[in-house]
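Enquirer: Please read through the structure below; I'll follow up with questions.
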Amino acid sequence: MEPTQKKRILTGDRPTGRLHLGHYVGSLVNRVALQDQYDCSFIIADLHVLTTKPSKEEIQEIRENVRLMVLDYLACGIDPAKSVIYLQSAVPAVYEMNLIFEMMISINRLTGLPSLKEMARNAHMDPDNVPFGLIGYPVLQTADIMLPKAHLVPVGKDNEAHVELARDIVRRFNILYGEVFPMPEALVGDVPTLVGTDGKGKMSKSAGNCIFLSDDAKAVEKKVNSMYTDPNRIRADVPGSVEGNPVFMYHDIFNKNKAEVEELKVRYREGSIGDVEVKKLLTAALNTFLEPIRERRKAFEEDKGYVEQVVYEGTLRMIEISNQTVKEMRSAMGLYGNWNKISRIARERKEASVHG
C-alpha cells in the first residue's frame with residue numbers, strides 16, 4: 001500500500017434501506033465535499049444491523065438495502081474512483097480487531113454511554129436483557145475506524161462520546177504494544193437535523209415522516225401537501241408564523257430562489273398567501289433539487305451489476321488495507337510468536353522425516 005499524504009476519514013451507514021433528505025442534509029452533502037480533501041472510506045455497516053435486527057428475515061433484507069443505499073450514495077456524488085465503499089461483514093480483519101480491542105476497555109466504560117440506552121429503547125429492548133453485541137458495538141466501531149487507520153471521524157456533537165471511547169481503546173493499545181495506530185479525532189460539524197414532514201421530530205424511516213431521495217415527483221407532491229405548517233393558522237388571511245414552520249424550514253434549505261423565499265415569508269406573516277400556494281412552490285423547489293439525483297440514480301440502476309462492482313472492488317481494497325493493519329497489530333503484540341515457533345519446528349521435523 002502506497003503512503004498517502006491525505007488524512008484518512010472513516011464514516012458510513014447501517015444498510016437499512018433508501019436514504020432521505022435528512023441523510024442528505026446531515027451527512028451526504030458533507031461527504032461529497034470531504035472526498036476531495038481526504039482519503040475517505042465509506043462503510044456499509046451491515047454487522048451493526050445485527051445489534052438490533054438479528055433475525056434471518058432481517059439479515060436477508062440487508063442485500064437489497066445495500067443496493068438501495070449505494071445507489072443513493074452514487075446519485076448524490078460519492079465517487080468510487082476517489083473513495084472506498086466497502087461491505088463491513090466481508091472484511092475478515094474486522095472480526096479479529098474487534099476481539100482484540102474488546103480487551104482494551106471495561107464493561108463499565110461501555111455501559112456508561114448514553115447512546116447505548118437510547119439504542120436499546122429505539123429497538124424496544126428490555127434494558128435488563130440487552131445483548132452483548134449491543135453493549136460492545138462501540139468496540140466494533142473502533143475496529144471499523146482503525147481498519148484504514150483513520151485520523152478523522154465525522155460526527156455530530158451528540159456522538160463525540162463514541163470517538164472519545166475509540167481514543168481510549170487506541171490509547172490503551174498503543175501504551176501496551178507501541179504506536180501502531182493514529183489517535184482518531186472527531187471531525188465535529190454543525191450537523192443539521194431536518195425535521196420530518198409531520199413536524200414532530202427529525203426525519204426518520206421509522207417515524208414514517210420522510211421524503212426519500214428516490215421519491216418521484218408525485219410522491220414528493222403528496223408528502224409536501226400533507227406537511228404540517230402553523231397550527232394556529234385557520235385561514236389564508238390570518239397572519240402566520242414562519243419560525244418553526246416545517247414548510248419554511250424546507251424552503252430555506254432546498255429552494256435556491258432566495259428572493260422568492262423571502263417574499264413568501266413576508267406574505268405569510270401578513271396573511272396574504274395560503275398554505276396551498278406555499279406548499280406548491282416548495283414541491284417545485286424540492287423536485288428541482290431532486291431531479292438531477294433521480295437522473296443519476298436511474299442511470300446507475302440501469303447499469304446492471306455496477307453497484308455490485310463498486311462494492312466488490314471497494315471491499316477488496318479494504319481487505320488489502322486491513323490485512324496490512326492486522327499484520328502490524330500481530331507483530332506489535334507478539335501474539336502470534338508462539339504459533340510461528342510451533343509452525344517452524346513442526347515443518348522442520350516433517351521435512352527431516354521425509355528426507356531421513
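The values are calculated or read from the model by the stated rules, or taken from the named source; none is laboratory data. What you see is a predicted model, and the numbers here were worked out from it, not measured in a lab. Methodologically, a virtual Cβ is constructed for each residue, glycine included, from the backbone with ideal geometry; neighbour enumeration extends over all protein chains shown. Accessible surface is based on the protein model in full, side chains and every heavy atom, while ligands, DNA and RNA are left aside. Shrake-Rupley method; radii C 1.70, N 1.55, O 1.52, S 1.80 Å.
Enquirer: How many of the residues making up segment 63-112 are among the β-branched types (Val, Ile, Thr) and over 15 Å from the mean Cα position of the chain (by Cα)?
Expert: Filtering segment 63-112 down to residues among the β-branched types (Val, Ile, Thr) leaves 66, 70, 78, 84-85, 91, 94, 100, 105, 107, 111.
Narrowing further to those that are over 15 Å from the mean Cα position of the chain (by Cα): 91, 94, 100, 105, 107, 111.
Total meeting the criteria: 6.
Enquirer: Another question, then. Give just the number: which of (1) surrounded by 15 or more Cβ atoms within 10 Å (Cβ to Cβ); (2) over 19 Å from residue 83 (Cβ atoms); (3) touching a helix residue (DSSP H, G or I) at 6+ places or on another chain (Cβ under 7 Å); (4) of a type outside the set (Asp, Glu) does residue 294 not satisfy?
Expert: Exception for residue 294: condition (3).
Enquirer: Take residue 30 and decide whether it is touching a Gly at 6+ places or on another chain (Cβ under 9 Å), in a helix (DSSP H, G or I), open to solvent by less than 40 Å² (accessible area, probe 1.4 Å) and within 30 Å of residue 295 (Cα to Cα).
Expert: For residue 30, the condition - touching a Gly at 6+ places or on another chain (Cβ under 9 Å), in a helix (DSSP H, G or I), open to solvent by less than 40 Å² (accessible area, probe 1.4 Å) and within 30 Å of residue 295 (Cα to Cα) - is not met.
Enquirer: Among the residues of segment 46-82, what is the count of those that are at pLDDT 95 or above, part of a loop (DSSP other than H, G, I, E, B) and crowded, with 19+ Cβ neighbours inside 10 Å?
Expert: 2
Enquirer: Condition (residue is assigned to a helix (DSSP H, G or I), touching a residue at least 60 places away in the same chain (Cβ under 8 Å), open to solvent by 50 Å² or more (accessible area, probe 1.4 Å) and not basic (Lys, Arg)) applied to segment 268-280: is it met by at least one residue? Full working, then the answer.
Expert: Taking segment 268-280 as the starting set, the residues that turn out to be assigned to a helix (DSSP H, G or I) are 268-270, 275-280.
Narrowing the set further to residues that are touching a residue at least 60 places away in the same chain (Cβ under 8 Å) leaves none.
Scanning segment 268-280 turns up no residue that is assigned to a helix (DSSP H, G or I), touching a residue at least 60 places away in the same chain (Cβ under 8 Å), open to solvent by 50 Å² or more (accessible area, probe 1.4 Å) and not basic (Lys, Arg).
Enquirer: I would also like to ask the following. Mind counting the residues in segment 270-293 that are closer than 20 Å to residue 230 by Cβ, out of contact with any Lys or Arg (no Cβ under 6 Å at 6 or more places or on another chain) and not charged (D, E, K, R)?
Expert: Just the residues of segment 270-293 that are closer than 20 Å to residue 230 by Cβ, to begin with: 270-283, 285-286.
Now restrict to residues that are out of contact with any Lys or Arg (no Cβ under 6 Å at 6 or more places or on another chain): 270-272, 274-283, 285-286.
Among the residues that remain, those that are also not charged (D, E, K, R) are: 271-272, 274, 276, 278, 281-283, 285-286.
Final tally of qualifying residues: 10.
Enquirer: Right, residue 211: over 22 Å from the mean Cα position of the chain (by Cα) and either surrounded by fewer than 18 Cβ atoms within 10 Å (Cβ to Cβ) or of a type in the set (A, V, I, L, M, F, W, C) (or both) or not? Please lay out each step first, then the result.
Expert: Numbers: over 22 Å from the mean Cα position of the chain (by Cα): no; either surrounded by fewer than 18 Cβ atoms within 10 Å (Cβ to Cβ) or of a type in the set (A, V, I, L, M, F, W, C) (or both): yes.
No, not satisfied.
Enquirer: So which pairs qualify, if the first residue must be in segment 53-80 and of a type in the set (Lys, Arg), the second must be surrounded by 16 or more Cβ atoms within 10 Å (Cβ to Cβ), the Cβ gap must be under 7 Å, and the two must be at least 6 apart or on different chains?
Expert: 67/307
Enquirer: Mind telling me which of the residues 143, 166 ends up being of a type in the set (A, V, I, L, M, F, W, C), closer than 28 Å to residue 331 by Cβ, more than 16 Å from the chain's Cα centre (by Cα) and assigned to a helix (DSSP H, G or I)? Spell out the reasoning first.
Expert: Working: 143 fails: more than 16 Å from the chain's Cα centre (by Cα).
The unique qualifying residue is 166.
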